[in-house]
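The values are calculated or read from the model by the stated rules, or taken from the named source; none is laboratory data. Here the structure is a predicted model, which means the values were calculated and not measured. Glycine also receives a Cβ, built like all others from the backbone with ideal geometry; neighbour counts cover every protein chain displayed. To get the accessible areas, we keep the full protein, side chains included, count just its heavy atoms, and leave off ligands, DNA and RNA. Shrake-Rupley method; radii C 1.70, N 1.55, O 1.52, S 1.80 Å.
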Amino acid sequence: MSGPVIGDDGLARCPWAAGDPVNREYHDTEWGMRVEGEPAHLERLTLEAFQSGLSWLTILNKRTAFREVFADFDADVIAGFDERDVERLMGQPRIVRNRRKIDAAISNARATVALRGQGGLVGFLWSYRPPQTPRPVDTAEVETTSPESLAMSKALKKVGFAHVGPTTMYALMEAIGMVDDHLVGCHRRGTSGVWAG
């Protein structure tokens, strides 16, 4: 259990961002900020799925390669991937080489394309925005799932998405500002524009 940590620059941050500079940069510029457009939402969903069982730092350090091999998360391009592409990705040491996760990324791109007839991925995800955001004071109060992430997970699976469990979807909700889990006192709390501090 830990509250915000004061950095050498005098700013208070969530403890996970107090060490590695890559984590710190992500925390200070991206985490908890709303993103725009289908590719940005598909990227976050895909990377959260790849992160399952690994550290987020591992994913951040490989993100440039993920963007390259997954065509900047263009759903139409990824939806057209075939077995040769899967083998190509499995042979790519710069990303996480997990066949189930690679297969899920392709399935999820196809499901994203199909969702366009129902308003699209962005609207689908944001329809699960909770009525209020948590206000954690320390890390012990940060949840890993919510009723909304459970509902989002079930709904995504129903329309063909894979590797989208409620914990992974809660992490997605945190990443895109759908909930603000910056600790109270963190200098980034309330910066998303989605929620007041």
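What the table below lists for this structure:
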quantity: Residues located in segment 114-124, provided they are open to solvent by less than 50 Å² (accessible area, probe 1.4 Å) and either more than 11 Å from Phe161 (Cβ to Cβ) or at pLDDT below 95 (or both); calculated: Gly120, Val122, Gly123
quantity: Lone unmet requirement of (1) aliphatic (A, V, I, L, M); (2) within 25 Å of Pro39 (Cα to Cα); (3) open to solvent by 40 Å² or more (accessible area, probe 1.4 Å) for Val184; calculated: (2)
quantity: Any hit, segment 88-104, residues being closer than 30 Å to Gly3 by Cα and β-branched (Val, Ile, Thr); calculated: no
quantity: Whichever residue in segment 136-167 is in contact with a helix residue (DSSP H, G or I) (Cβ under 8 Å, 6 or more places away or on another chain) and closer than 27 Å to His187 by Cβ and, among such residues, is most open to solvent (accessible area, probe 1.4 Å); calculated: Glu143
quantity: Scope segment 75-102; condition open to solvent by 60 Å² or more (accessible area, probe 1.4 Å) and under 24 Å from Ala155 (Cβ atoms); matching residues; calculated: Asp76, Arg100
quantity: Residue list for segment 52-62, filter: in a helix (DSSP H, G or I) and crowded, with 16+ Cβ neighbours inside 10 Å; calculated: Trp56, Ile59, Leu60, Lys62
quantity: Long-range neighbours under 6 Å by Cβ, at least six apart or interchain, first residue farther than 19 Å from Glu174 by Cβ within segment 1-21, second in a loop (DSSP other than H, G, I, E, B) and open to solvent by 50 Å² or more (accessible area, probe 1.4 Å); calculated: Leu11/His187
